[in-house]
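One structure is given here, and the rest of the page talks about it.
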Amino acid sequence: MMFRIGIISDTHGLLRTEAERGLTGVDHIIHAGDIGRPEIVDALRRIAPVTAIRGNVDSGEWARDYPDTNLVRLAGKSIYVLHDLKTLKADPGAGIDVIVSGHSHLPKIDTVGGVLYLNPGSAGPRRFKLPITLATLELTPDGVRPEIHDLGGD
């Protein structure tokens, strides 16, 4: 059995049609912060259940509903979500399978000490020459399969 997670970050108040399309059909969505406005999460919830955390631009009353970090267990895997990887305090060796972060706007897949580090990049307004991306993570009995998807767009 396969469980598919859509991972998005740094929407900064913009949920692109390409991002919604790219997340269609996933079993769960993780938003790694810098949501921008609460309507983004509402729209994502229409696609799949959402785990979202607060990023450094998320302030105001609505943002209080979201924690700075979250440890979520999906399909038997332990996934730790935080916005800025530099602020990681958790011990990745403590039964964590995947660490999801955003903030840098740079998509990255890395494995260190058996832990998968995944940054989906930014799916919001384009900054500098950075790509517009999101990620998917397939969880199967054989392991995890991360993939970065370039959404194009301007």
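Among beta bridges identified by DSSP and lying wholly in the stretch 35-107, the antiparallel ones come to about 65 percent.
By accessible area of protein heavy atoms, probe 1.4 Å, what ranking do Arg64, Arg127, Arg46, Arg145 get, highest first? Don't skip to the end; give the middle numbers.
Details: Arg64 165, Arg127 105, Arg46 185, Arg145 140 Å².
Putting Arg64, Arg127, Arg46, Arg145 in descending order of accessible area: Arg46, Arg64, Arg145, Arg127.
Among DSSP bridges having both ends in the chain, what percentage is antiparallel? Round to the nearest 5. Write down the numbers at each step before the final one.
Details: 24 of 38 bridges.
So the antiparallel bridges in the chain amount to around 65 percent.
Working note: Karplus 6.51/-1.76/1.60 with θ = phi - 60° gives the stretch 10-22 the couplings 6, 6, 6, x, 10, 10, 6, 4, 4, 5, 4, 4, x Hz, where Gly and Pro are set to x.
Where both bridge residues fall in the stretch 92-154, DSSP classifies roughly 75% of the beta bridges as antiparallel. A 1.4 Å probe run over the chain, with the rest of the protein chains in place, finds 48 Å² accessible per residue. Under a model in which nothing but the beta-carbon of Lys, Arg (+1) and Asp, Glu (-1) is charged, the chain shows a dipole of about 80 debye around its Cα centre. Work from the charge dipole of the stretch 85-146 (Cβ charges, +1 for Lys and Arg, -1 for Asp and Glu, about the Cα centre) and give the residue of Ser122, Thr136, Leu85 farthest towards its positive end. My answer, from the dipole projection, is Ser122.
Given the alternatives (1) 15.1, 48; (2) 17.3, 62; (3) 14.1, 42, Rg and Dmax of the Cα atoms in Å as computed for this entry is given by (3).
Annotation: extensible slack from Arg145 through Arg64 equals 25.9 nm (criterion: 0.36 nm per residue apart, minus Cα-Cα distance). Expressed as a whole percent, the accessible area of the chain that falls on carbon and sulfur atoms is 50 (1.4 Å probe).
Could you order peptides 104-115, 21-32 by the average number of other Cβ atoms within 10 Å of their residues, highest first?
Those peptides, ordered most packed to least, come out 21-32, 104-115.
Only one residue of Gly33, Leu74, Gly55 has its Cα farthest out toward the positive end of the dipole of the stretch 1-89, where Lys and Arg carry +1 and Asp and Glu -1 on Cβ, and that residue is Leu74. Helical runs (DSSP H, four residues minimum) scored at -39500 (n - 2.57) apiece and divided by the length of the chain put the mean residue ellipticity at 222 nm at -2500 deg cm²/dmol.
Cross-link partners of Lys108 among lysines, defined as those whose alpha carbon lies under 17 angstrom from its own and excluding same-chain residues fewer than eight positions apart: Lys86, Lys129.
The values are calculated or read from the model by the stated rules, or taken from the named source; none is laboratory data. These figures come from a predicted structure and were not determined experimentally. Backbone-built Cβ (ideal geometry, glycine too); neighbour counts: all protein chains shown. Just the protein is used for accessible areas: all its heavy atoms, side chains included, with ligands, DNA and RNA removed. Shrake-Rupley method; radii C 1.70, N 1.55, O 1.52, S 1.80 Å.
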